[in-house]
Amino acid sequence: MSRPQKIMEPLPGNLDSILTTIADENRPVLREAGARPFLKWAGGKRSILPDLLARMPAAYGTYYEPFLGGGALFFGAQPASAYLSDVNLTLVLSYLSIRDSVDAVIEELQRHSANHDKAYYVAARKRFGEETDPVKLAALLVYLNKTCYNGLYRVNKGGFFNVPIGSYEDPAILDEANLRAVSQVLQGVTIKQHPFNQVPVEAGAFYYMDPPYHRTFDGYDSSRFGDADHQGLAEFCRSLSKAGASFMVSNSDNAFVRSLYREFHIEQVQASRYVSCKGDQRGKETEVIIRNYQ
Ligand SMILES: C[S@@+](CC[C@H](N)C(=O)[O-])C[C@H]1O[C@@H](n2cnc3c(N)ncnc32)[C@H](O)[C@@H]1O
């Protein structure tokens, strides 16, 4: 069947600029705010961010990130419509507080910054395990993240943050401009606390999944993400594919991971990342990026 004929008007400008305009309409709208991750997170993806950005689909609906952590790719891409989630309640409450009450979080951080010393750090670390106010919790998380040894959030088996103070001369505890930019980028974004398998499946959406690595450092939130969880994630990816969504997964490069995703497109990338609980053991490891599109 032939398409109905449209009345052709003379087109303004040259053909190149018209084609660029049409192509741009199909791209996700990127926001202008220069927001960066406000936390340094175990397994954070800053080191392979260019590899990930280059492999995102050219066009998609909602951006889903079910293993949010520090959200390196979310902040790198700044998609117009997003659904962010993580199983870590403290982390999720912090994102919500910065989205909805950034002034109050900044005020709390000004106080932490003015009072920072070893005794204050130790008292704050204790308060962090008991705090129930989301704004205070968010400010404590940022404060401890910026001042703790190696600047990395980790909890022990009991679920408590027990990292000693770092040896920074003058840690940048409050980056007000970035927190405001983060708050702006998070406006209108859905932020939820739940495991990955409770994330809605939506046709046309894009899912970036960065689970705790398989069989390396898996100390996030004191809960182990084992073989069965990785199998469950691969199953979830198959359901996304069947529903007509795009997905990209990053994980360590090993035979188990490769076999879980064997029907999809698997590429190897080099990452410089923390490979154990001992934060100073940093090394180059190979990772895979898995996609159901090319
Ligand atoms: C490798 S980190 C994500 C790092 C993130 N891409 C970044 O750039 O900072 C993995 C995250 O998965 C979360 N997580 C662990 N088990 C989970 C589960 N079953 N469902 C959802 N999130 C989970 C952890 O709390 C952690 O924040």
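Legend: distances between Cα atoms for Lys40/Lys118; Lys45/Lys192; Lys157/Lys242; Lys40/Lys242; Lys40/Lys126; pairs beyond 32 Å are Lys157/Lys242; Lys40/Lys242. Around the Cα centre of segment 30-291, unit charges on the Cβ atoms of Lys, Arg, Asp and Glu (plus for the first two, minus for the last two) sum to a dipole of about 400 debye. Taking Cβ atoms as reference points and 10 Å as the exclusive limit, the residues near Ile165 contribute a net charge of +1, counting Lys and Arg as +1 and Asp and Glu as -1.
Annotation: the antiparallel percentage among DSSP beta bridges lying fully within segment 30-291 is about 55.
The modelled label-to-label distance for the pair Ala255/Ala172, using points 7 Å beyond Cα in the direction of Cβ, is 4.5 nm. Scalar couplings 3J(HN,Hα) for segment 146-152, obtained by applying the Karplus form with A = 6.51, B = -1.76, C = 1.60 to θ = phi - 60°, are 7, 10, 7, 4, 6, x, 10 Hz; x denotes Gly and Pro. Gain on full extension, evaluated as 0.36 nm per residue between Glu107 and Val269 minus their Cα-Cα distance, stands at 54.2 nm.
The calculated FRET efficiency for Ala119 paired with Phe160, based on their beta-carbon distance and R0 = 22 Å, is about 0.70. Site pair Ala228 and Arg127 shows an inter-label distance of 4.0 nm when each label is modelled 7 Å from Cα along Cα→Cβ. The order of His194, His214, going from fewest to most other C-beta atoms within 10 Å of their C-beta, is His194, His214. Fully extending the segment from Glu285 to Ala54, taken as 0.36 nm per residue of separation minus the present Cα-Cα distance, adds 81.2 nm.
Taking 0.36 nm per residue of sequence separation and removing the Cα-Cα distance, the Gln187/Gln294 pair yields an extension gain of 35.4 nm.
No value in this document is a laboratory result; all are computed from the given coordinates. Just so it is clear, the structure is predicted and the values come from calculations on it, not from any experiment. Using ideal geometry, Cβ is built from the backbone for each residue, glycine included, and neighbour counts are taken over all protein chains shown.
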